[in-house]
1. What is the gain in length, in nm to one decimal, between Leu24 and Leu47 on full extension, counting 0.36 nm per residue of separation less the C-alpha to C-alpha distance?
2. What ³J(HN,Hα) values, in whole Hz, does the Karplus curve 6.51 cos²θ - 1.76 cosθ + 1.60 give for region 41-58 when θ = phi - 60°, with x put for Gly and Pro?
3. What is the calculated FRET efficiency for Leu123 to Arg54, with r their C-beta to C-beta distance and R₀ = 30 Å, to the nearest 0.05?
4. With no solvent and one point per C-alpha, what does the Debye sum give as log10 I(q)/I(0) for region 62-146 at q = 0.12 Å⁻¹?
5. Could you please rank Ile65, Ile91, Ile52, placing first whichever residue has the fewest other Cβ atoms within 10 Å of its Cβ?
6. Looking at region 96-139, which chymotrypsin sites (Phe, Trp or Tyr not before Pro) are in a loop (DSSP not H, G, I, E or B) and have at most 13 other Cβ atoms within 10 Å?
7. If you average 1/r over all unlike Cα pairs in the chain and invert the result, what Kirkwood radius do you get in angstrom?
8. Within 10 Å of each residue's Cβ, count the other Cβ atoms and sort Leu86, Leu43 from fewest upward.
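Just so it is clear, none of the values below were taken in a lab; they were calculated from the coordinates. Owing to the predicted nature of the structure, the values given are computational and were not obtained by experimental measurement. Using ideal geometry, Cβ is built from the backbone for each residue, glycine included, and neighbour counts are taken over all protein chains shown.
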Amino acid sequence: MDALTSLTPFAETLLRAWCGLALLPHAMRCFFGWFPNTGSRILSPTLLANGIERSGFRPGRYWAIYVALVEFVAGPALALGLFTHLAGVLIFLFFLGAAYDHLRFDGYFWNTLGMEYPALWGLVALFFACAGGGALSLDRLFFAAF
């Protein structure tokens with residue numbers, strides 16, 4: 001095993017943690033109004049539900065609950081490597097919907113709010129949905145015997 005290959009568990013853990021934790025600031029903005037000057041005008045659950053509804057996902061208030069579940073629960077679970085397969089699936093589906101929505105309205109490129117960014121993060125989540133949490137995860141610690 002060469003030196004770079006031996007770093008794989010650490011790189012995988014860093015990617016998993018970043019992918020999961022990156023959802024929290026977005027959740028804080030959408031649900032609590034934190035970070036108000038960061039580009040989005042969606043600063044409350046009502047505004048989020050209305051935006052989701054305008055995009056064609058109805059009813060928006062139910063989808064907003066799904067977004068909250070993904071960003072506040074599945075994101076941190078993925079970061080910790082806890083119930084990683086389920087968390088990865090939930091996050092992948094969230095980003096699949098976001099990528100589809102952004103492709104319809106904004107095109108491909110991330111600098112025009114296109115689907116490139118959510119598609120990338122969706123694929124990262126899909127990797128963990130399939131591969132699990134890896135060697136440095138709570139799944140491995142608690143459920144290794146299964």
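1. So the chain would gain 6.5 nm between Leu24 and Leu47.
2. 9, 8, 10, 7, x, 5, 5, 5, 4, 5, x, 5, 4, 4, 7, x, 8, 10
3. Computed FRET efficiency for Leu123 and Arg54 comes out at 0.70.
4. -0.38
5. With the fewest neighbours first, Ile65, Ile91, Ile52 line up as Ile65, Ile52, Ile91.
6. Tyr108, Phe109
7. This gives a value of 16.0 Å.
8. Leu86, Leu43
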